[in-house]
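The structure under discussion appears below in the form of structure tokens.
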Amino acid sequence: MTSQSCESSDLPEDLDLKLQEKERWYSHTAAISFTLFFLIVGIPVWWLTTTVYRAELPYSDIKRAFQKMPTVGLDIELVVVSKDVSPVNMAEFGEQIQETFQKMSSRDDFISLRYRGSLRSATNDEVSFLTSASSSKDLEKMSHPEDGDKYVVYILHAKLAEFLSQPFINQQKQIFIPIGPGKLGEVIPVLEDVCGEIFRPSVLSRTFQVVHGAPLNDRELLRSVKFGSSYTLVFTLLVPEPNKVLANWDISAAVDEYLASLKSSLHKLIDLKIKSQVLYYEKLSMDTKKDADGGYNYLTPDDMPHLINPVEARLGSFVDTNPTLNFIVYVPTEKQYPLYLHNHQGEILSTNSFLVPRWGGFYIYNVNSTDGPQPVKHQVDLGVVFTQLLPQIRKLLGFTSSNTALLGRTTPSDGSLSQWEVSQWMQQRTIENIGTATHTLYSLSNLVQNIRNMVINDDISKQVTDSVHAILESHQLLNKGSISEAFLASKYALECADTAFFDTSLLELLYFPEDQKFAIYIPLFLPVGIPLLTSAIAAIKWLKGKNNVSQGKPKTD
């Protein structure tokens, strides 16, 4: 009886031990399961959902484009219009031309020019046309070559072109150089001077240098506005005393008359938007000086910069993302009339206007308020106004005049542009666009590599890739001599580069530094992580102890 009672009393204790062991197994298994789930699922999901998305960028291509130096290919065809030149002389002259072009082909640290020339005799049609020409106006009618990027130089016998006393270039890309009989060699120094004025290698080099950070100390580059695919020209008439002089203008008709040629020449390259306004009771905030002898008022060159700031605040009625050029026509007050501008020598400026670099122009239009009963109604003579504003518009857009006297030309009064001027402008703008686009992409790549939490989405990656490809394509076309196509490629490259660089998505996490991540995630994961860690350690110890018991090893505390 005693032995049976002892055995029955041990059963509950064994049962309790088994239950406790089972509970430990469940708790430790659950701890290990939670820990494994946290490590295998939780952390990767958290990592993937919080990682900054960064699409791939062509860093090596960007660096290669940044280090690449533009090479401008220039195709020139020389045509000898003379029957007195023998084949032997033509061959010798051809060798001299090739040597000259090799010497003229320049290369510096920023840009290189490659002249490619060919020589031939004039066709019968060309000889017939040039023989019938009696003035330089007739030369404007000569048919242009099929290759729009090629320049053709006609070397004329002096008797054939008696009306020419110097080289002449027509509206197209045809240059006419008169020479004496049997003096082909004389054309070489003249050709060097003409090519220097048309292609302007020094200007192209300075343009590329400025884009890459060189000091901007060139008046021509300082004057013109940076390239944009679209410009807004705002014409403003300031009438400070409408109660005395009520000036009005038909700006719409004037734009059609004086800017139509300019817009037509550029419609495939850039977009010119025209806006106008009339502001009343807006006068100069500075006192004019009185010339006792001349009986007029005047402003000095030191006064001119101060005319713009007070008025500029009133010109902001047009909100536009495009580069804006402002042109102001100011009607002086009765007290200021007549008002003129002096130059640095104290003489009256014949234009009575001045240009503000990269901003616009200012023209003073005098109207006598005592010509009749006040208010004197006056229609502004926009023919006089645009005679002064058109040269300013050309300069601000970057159409700087070459030595037109050397080329036998004068700046047209209607603002029209010749083909060679447009080609000259496209060359310079292509160099500028390539340099600006590569510099923008290079800056973006440095930012992306230095700021690790900057978001790079697929759209930005595509814009950057397209820009790099367009830059390299523009380089190839420029070297080939296809100026028009190279310009369009550079324009697209610049647009893509600017779009990528100024994309707002780049700033989404730019102001979310690393220390703020710890401030957010530590309160989130620490209360969960510490219990999981202690439970996992206890479960590992339990598994080790159980493994030792199964192998017959003594259990240690």
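General remarks:
- Residue pairs, from the table Lys137/Lys395; Lys335/Lys377; Lys137/Lys491; Lys137/Lys273, whose Cα atoms sit over 23 Å apart: Lys137/Lys395; Lys137/Lys491; Lys137/Lys273
- Phi to ³J(HN,Hα) by Karplus 6.51 cos²θ - 1.76 cosθ + 1.60 over region 363-376, Hz, x for Gly, Pro: 10, 9, 10, 7, 9, 7, 7, 9, 6, x, x, 7, x, 6
- Between the Cα long axis of helix 201-211 and the first principal axis of the chain there is an angle of about 30°, rounded to the nearest 10.
- Per-pair calculated FRET efficiency, R0 = 60 Å: Arg64 and Gln277 via Cβ, rounded to 0.05: 0.80
- Shown are Arg200, Arg54, Arg219, Arg314, whose ranking by accessible area with a 1.4 Å probe and every protein chain present, most to least, is Arg219, Arg314, Arg54, Arg200.
- Share, in percent, of DSSP beta bridges within region 150-201 that are antiparallel, nearest 5: 25 percent
- Ligands, DNA and RNA excluded, the heavy atoms of Trp25 present near 110 Å² of accessible surface to a 1.4 Å solvent probe.
- In nm, spacing of pseudo-spin labels at Lys377 and Leu349 (7 Å Cα→C-beta vector): 3.3 nm
- Difference of contour (0.36 nm per residue) and Cα-Cα distance, Asn89 to Val52: 6.1 nm
- Applying 1/(1 + (r/R0)^6) with r as the Cβ-Cβ distance of Arg314 and Lys290 and R0 = 41 angstrom yields a FRET efficiency of 0.95.
- Packing-based order for 253-262, 432-441, 344-353, using average beta carbon neighbours within 10 Å, highest first: 432-441, 253-262, 344-353
- The helix-based estimate of mean residue ellipticity at 222 nm for the chain, built from -39,500 (n - 2.57) per DSSP H run of four or more residues and divided by its residue count, is -15500 deg cm²/dmol to the nearest 500.
- Looking at region 112-252, the DSSP beta bridges with both ends there are about 25 percent antiparallel.
- Beta bridges by DSSP in the chain, antiparallel share as percent, to the nearest 5: 15 percent
- Folded to 0 to 90 degrees: helix 419-450 orientation relative to the chain principal axis, Cα: 20 degrees
- Rounded accessible area per residue of the chain, 1.4 Å, Å²: 53 Å²
- Computed from Cα atoms, the angle from the helix 458-480 axis to the main principal axis of the chain rounds to 40 degrees.
- Here the chain exposes an accessible surface that is 55 percent carbon and sulfur, computed with a 1.4 Å probe and the other protein chains kept in place.
- For Lys541, a cut-off of 26 angstrom between C-alpha atoms picks up these lysines, skipping any fewer than 8 places away in its own chain: Lys18, Lys22, Lys553, Lys555.
- Per-pair calculated FRET efficiency, R0 = 56 Å: Tyr521 and Arg223 via Cβ, rounded to 0.05: 0.50
- Summarising the label geometry, the points placed 7 Å from Cα in the beta-carbon direction at Ser416 and Ser252 lie 2.6 nm from one another.
The values are calculated or read from the model by the stated rules, or taken from the named source; none is laboratory data. Bear in mind the structure is a predicted one, so any value in this text is a computation, not a measurement. Don't worry about glycine lacking a Cβ; one is built from the backbone with ideal geometry, like all the others, and counts go over all protein chains shown. Heads up: the accessible areas ignore ligands, DNA and RNA and are worked out on the full protein's heavy atoms, side chains in. Shrake-Rupley method; radii C 1.70, N 1.55, O 1.52, S 1.80 Å.
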